[in-house]
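The values are calculated or read from the model by the stated rules, or taken from the named source; none is laboratory data. This is a predicted model, so every value here is computed, not measured. So basically every Cβ, Gly included, is an ideal-geometry build from the backbone, and we count neighbours across all protein chains shown.
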Amino acid sequence: MNKYFILILSLGVFFSCTSTKNRNTSKDDSLIEITFLQMNDVYEIAPLSDGTGGLARVATIRKELLAKNPNTFTVLSGDFISPSVIGTLKYEGKRIRGKQMVDVLNAVGVDWVVFGNHEFDYDDYSDLQARLDESKFTWFGTNARFMPDPNMAATPFFKNRNGAKENCPDDKVFEIKDADGTTIKLGLFGVLLDTGKKPWVTYSNWFEAAKKTQEKLRTQADVSIGLTHLVVSDDLKLAAMLPDVPLLMGGHDHENQRHVVGNTIVAKADANAKTVYIHTLKYDKKTKKSTLTSELRVVDSKIADEPVTAATIAKWEKIKIEALSSSGFDATATVVKLPGTLDCRETTIRRKQASVGEIINQAMVKAAKTKPDCAFFNSGSIRIDDILSGTLNEIDIVRMLPFGGGLSEVQMTGSLLRKTLTAHIGNEGNGGYLQLWQITAADGGNWRVNGQALNDKKLYKVILPDFLLTGSEQNMGFLKTTILEVETGKTNNPDIPVVVKPNSKDKQDLRNDIRLALIQYWRG
């Protein structure tokens, strides 16, 4: 009798649970919850020297969030193709140039990205096109257009899929449905700043593009969000312009921050996935109101690696070591034991003169063949964004200066040097802020070179990175210089009449690679 009673009781519980489950999954309660896992400005696939970061850990967080809420979307708010150590190396006869990052992001399961300025680092457009074609995620670039020929109309960027072009959308509407049947339409757009200058890309105003897109999305979606790659001041302006967009997930600024502008949240995580933001958007279809909560989560060794992503990272780390060796770098070779800490964080080097700037400038000067009056380089060439300590190996130097690049010794008029220093001050906070050697600002803003007042009419001997002579640094297009006569160094720029470059075939000339100059300087 007891057996029958237990059986009947068990069946009753089963049918009760089943009917309750059916009621829960069949009744639309008009409430829906969507989770967004946000990262931005990611250049490293593996953990950093301080133990934070690592995309295999981010993949674990994603899996945990998906298990709780299938309506979880992973986004990256720009800057990932470049720069990185691996991206500068060769694999199978070609420069890697972000191939490793797309491979790993595919493994993580990223859903949506917006173009950042560093997606346009490479002169050859075929590199970016290859990355687009390899990616499994959707790219947004509402205000960016592909223009391979100035005589042709600009078109959206695209992926090549099965012999056809699949455009990267300006915006998109996604139908989101939860377990109880609540369904809403979620709108999404993505805008970016226009500093990624290349002949094959053109930009419209990001404010106008976002405003126009949101006007359209209002008629198609219940609620819309944005991905941005802008300076935070522009994010805040955009948030004020679009009060019905509850969330702008941004990039470009490398430090985590969260701002409230009316009903809109502007959020950015720390670069290199040191942290990620987890946003929970709850939308009520009846009231047409949304609420948003955000959690900033530290990504560290307490989070296990997701196996598939970890295996993909290990593959590329092995390729990195082998490629570095073939490029003349021994990843494990000791360079220097630091007596203390060396602050290479962007919050430091892009806002003030730093010890690491002094060291690199001295390495440049020591590599010079003449005796420079002064030296400078752009802080944006330092990409490690970390506080270094202990023993540094050659891999750490390559991580610090992944772009590498040669050094030029030039003659520069004092008037152009003054103009450069003025632009440098205006670039505070970004990569165009210069680290200076034997250049100081006296009281009243009067510049001094090696202790003497800057003379506009004097020709100064300066050593600086080749990159600055391309004119590509922010607000420094006037430095663009072309050598007309290799033998004499004569140029087309009257304010930089002479440029002396090393023979690229002379492997002993440290001016061919700033990283080699720094390694040799530290080794004495």
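Under the condition of being among the hydrophobic types (A, V, I, L, M, F, W, C) and at pLDDT 95 or above, which residue from the stretch 402-421 is nearest to P502 (Cα to Cα)? Only one residue fits best here, namely L407. Restricting the stretch 111-141 to residues that are at pLDDT below 95 and polar (S, T, N, Q), the residue that is farthest from the chain's Cα centre (by Cα) is S126.
Yes/no matrix, rows are residues, columns are (1) modelled with pLDDT under 85; (2) closer than 23 Å to V114 by Cβ; (3) not assigned by TED's automatic domain parsing to the domain that holds A267:
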{"position": "M1", "(1), (2), (3)": "yes, no, yes"}
{"position": "I8", "(1), (2), (3)": "yes, no, yes"}
{"position": "T18", "(1), (2), (3)": "yes, no, yes"}
{"position": "K21", "(1), (2), (3)": "yes, no, yes"}
{"position": "E33", "(1), (2), (3)": "no, no, no"}
{"position": "A46", "(1), (2), (3)": "no, no, no"}
{"position": "G53", "(1), (2), (3)": "no, yes, no"}
{"position": "I61", "(1), (2), (3)": "no, yes, no"}
{"position": "L66", "(1), (2), (3)": "no, yes, no"}
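Applying the condition of being within 22 Å of the chain's Cα centre (by Cα) and surrounded by fewer than 17 Cβ atoms within 10 Å (Cβ to Cβ) to the stretch 237-263 and asking which residue is farthest from D386 (Cα to Cα) yields K237.
Scanning the stretch 341-354 finds one or more residues that are of a type in the set (G, A, S), surrounded by 15 or more Cβ atoms within 10 Å (Cβ to Cβ) and in the same structural domain as N450 (by TED's automatic domain parsing). For the stretch 283-299, the count of residues that are buried (at least 18 other Cβ atoms within 10 Å of the Cβ) and touching a Phe, Trp or Tyr at 6+ places or on another chain (Cβ under 8 Å) is nonzero. If you go through the stretch 443-502 and pick out every residue that is of a type in the set (D, E, K, R) and either free of Cβ contacts under 8 Å to residues at least 24 places away in the same chain or at positive phi (or both), you end up with 6. Applying the criterion of being of a type outside the set (A, V, I, L, M) and touching a Leu at 6+ places or on another chain (Cβ under 7 Å) to the residues of the stretch 96-115, the residue that is nearest to D171 (Cα to Cα) is W112.
Just one of the listed residues (K185, K159) is farther than 21 Å from A46 by Cβ and surrounded by fewer than 17 Cβ atoms within 10 Å (Cβ to Cβ), namely K185.
Restricting the stretch 82-110 to residues that are of a type in the set (V, I, T) and at pLDDT 95 or above, which is farthest from K159 (Cα to Cα)? Step through it out loud before you land on a result.
Kept after step one, since they are of a type in the set (V, I, T), are these residues of the stretch 82-110: 85-86, 88, 96, 102, 104, 108, 110.
Restricting the remaining residues to those that are at pLDDT 95 or above gives 102, 104, 108, 110.
Numbers: V102: 13, V104: 18, V108: 20, V110: 16 Å.
Taking the candidates together, the pick is V108.
This table checks each residue for (1) assigned by TED's automatic domain parsing to the domain that holds K185; (2) under 29 Å from L66 (Cβ atoms); (3) outside any loop (DSSP other than H, G, I, E, B).
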| position | (1), (2), (3) |
| --- | --- |
| V245 | yes, yes, no |
| G250 | yes, yes, yes |
| D253 | yes, yes, no |
| R258 | yes, yes, yes |
| Y283 | yes, yes, yes |
| T287 | yes, yes, no |
| T291 | yes, yes, yes |
| R297 | yes, yes, yes |
| I313 | no, yes, yes |
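Looking across S504, S415, one residue alone is surrounded by fewer than 21 Cβ atoms within 10 Å (Cβ to Cβ), within 31 Å of the chain's Cα centre (by Cα) and not acidic (D, E). It is S504.
Just one of the listed residues (A107, A67) is surrounded by fewer than 23 Cβ atoms within 10 Å (Cβ to Cβ) and in contact with a helix residue (DSSP H, G or I) (Cβ under 6 Å, 6 or more places away or on another chain), namely A107.
If I ask for residues that are among the hydrophobic types (A, V, I, L, M, F, W, C) and not in a loop (DSSP other than H, G, I, E, B), which ones from the stretch 27-49 would you list?
Result: L31, I32, I34, F36, L37, M39.
Just name the residue that is surrounded by the fewest Cβ atoms within 10 Å (Cβ to Cβ) out of those in the stretch 362-393 that are touching a Gly at 6+ places or on another chain (Cβ under 7 Å) and modelled with pLDDT of 95 or more. Taking the candidates together, the pick is N378. If the condition is being under 23 Å from F403 (Cβ atoms) and touching a helix residue (DSSP H, G or I) at 6+ places or on another chain (Cβ under 6 Å), then the stretch 481-503 contributes T481, P502. A single member of L510, L454 is in the same structural domain as A375 (by TED's automatic domain parsing) and more than 23 Å from S327 (Cβ to Cβ), and it is L454. Restricting R418, R383 to those that are touching a helix residue (DSSP H, G or I) at 6+ places or on another chain (Cβ under 9 Å) and outside the structural domain of L89 (by TED's automatic domain parsing) reduces the list to R383.
For the stretch 476-501, how many residues are part of a loop (DSSP other than H, G, I, E, B) and surrounded by 14 or more Cβ atoms within 10 Å (Cβ to Cβ)? The number of residues fulfilling the criteria is 9. For the stretch 440-475, which residues satisfy the criterion of being surrounded by 14 or more Cβ atoms within 10 Å (Cβ to Cβ), among the hydrophobic types (A, V, I, L, M, F, W, C) and not in a strand (DSSP E or B)? Of everything in the stretch 440-475, those that are surrounded by 14 or more Cβ atoms within 10 Å (Cβ to Cβ), among the hydrophobic types (A, V, I, L, M, F, W, C) and not in a strand (DSSP E or B) turn out to be L454, F467, L468, L469.
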